[in-house]
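> I have a structure I would like to understand better, so I am pasting it below and will then ask my questions one at a time.
The values are calculated or read from the model by the stated rules, or taken from the named source; none is laboratory data. Small disclaimer: the values here were computed from a predicted structure and weren't measured. Please note: Cβ atoms are built from the backbone with ideal geometry, for glycine as well, and neighbour counts cover all protein chains shown.
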Amino acid sequence: GIKNGQTPFGAVIVKDDIIIAQTHNRVFSNTDITAHAEMVAIKEACKNIDSIDLSGATIYTTCEPCPMCFGAIHWAKIDKIIYGANIKDAKNSGFSELSISNKKMKKLGESRVVIIKNILKKECKELFTLWSKNKDSKTY
């Protein structure tokens, strides 16, 4: 994603030990503000298994999902979110994030999704640093 002028966000969805979607943020390439890595991955996963029910799946993301993506994860019935960097890290890199954590979204929405945070956090934050060094990097 970063090499192609996209932002430092990626997502992988695994179900039954099989990768059913693997993608990155496509906001700029698709000219679509909703084309976050998680949203694109959910669409691809649903298409790949021909179902909108992703029960039993885990989504791995480089950064804590935003509220929009958390909502999609909840509605797709994904069991678990595992992420590295957090929303504050994205905001500190210049992204216009809504400062609502997944923990708060889970509580507000009474979601059953399991949240595991800070996995490979240092490496995920390094993606923001790498991305910010590109003179053509853009935020939204």
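> Within the range 49-72, is there a residue that is more than 21 Å from K104 (Cα to Cα), out of contact with any Lys or Arg (no Cβ under 7 Å at 6 or more places or on another chain) and either free of Cβ contacts under 8 Å to residues at least 12 places away in the same chain or not hydrophobic (A, V, I, L, M, F, W, C) (or both)?
There is at least one residue in the range 49-72 that is more than 21 Å from K104 (Cα to Cα), out of contact with any Lys or Arg (no Cβ under 7 Å at 6 or more places or on another chain) and either free of Cβ contacts under 8 Å to residues at least 12 places away in the same chain or not hydrophobic (A, V, I, L, M, F, W, C) (or both).
> Just checking, how many residues over the range 15-53 are modelled with pLDDT of 95 or more and aromatic (F, W, Y)?
Here the count works out to 0.
> While we're here: What pairs come up if the first residue lies in the range 101-114 and is over 20 Å from K91 (Cα atoms), the second is surrounded by 12 or more Cβ atoms within 10 Å (Cβ to Cβ) and among the small types (G, A, S), and their beta carbons are under 8 Å apart, counting only those six or more places apart or on different chains?
These pairs meet every condition: G109/G71.
> Report whether or not P8 is free of Cβ contacts under 8 Å to residues at least 60 places away in the same chain, part of a loop (DSSP other than H, G, I, E, B) and buried (at least 22 other Cβ atoms within 10 Å of the Cβ). Outline the logic, then answer.
Details: free of Cβ contacts under 8 Å to residues at least 60 places away in the same chain: no; part of a loop (DSSP other than H, G, I, E, B): yes; buried (at least 22 other Cβ atoms within 10 Å of the Cβ): yes.
No: the conditions fail for P8.
> If you don't mind, another one. Pick out the one residue from A57, A76, A35 that is of a type outside the set (F, W, Y) and under 22 Å from Y140 (Cα atoms).
Every option except A35 fails the conditions.
> Taking the stated definitions as given, is N118 at pLDDT 90 or above, over 18 Å from I78 (Cβ atoms), of a type outside the set (D, E, K, R) and exposed (fewer than 15 other Cβ atoms within 10 Å of the Cβ)? Write out each step before concluding.
Details: at pLDDT 90 or above: yes; over 18 Å from I78 (Cβ atoms): yes; of a type outside the set (D, E, K, R): yes; exposed (fewer than 15 other Cβ atoms within 10 Å of the Cβ): yes.
In short, yes.
> Separate question: Taking the condition of being of a type in the set (D, E, K, R), under 16 Å from H74 (Cβ atoms) and at pLDDT below 85, how many residues in the range 87-115 meet it? Write out each step before concluding.
So in the range 87-115, the residues of a type in the set (D, E, K, R) come out as 88-89, 91, 97, 103-104, 106-107, 110, 112.
If we keep only those that are under 16 Å from H74 (Cβ atoms) too, we end up with 103-104, 106-107, 110, 112.
Cutting the leftovers down to at pLDDT below 85 gives us none.
Final tally of qualifying residues: 0.
> Still on this structure, please answer the following. Within the range 31-109, considering only helices (runs of 4 or more DSSP H) that don't extend past its boundaries, which have at least 1 residues that are over 21 Å from K15 (Cβ atoms), out of contact with any Gly (no Cβ under 9 Å at 6 or more places or on another chain) and of a type in the set (S, T, N, Q)?
87-92
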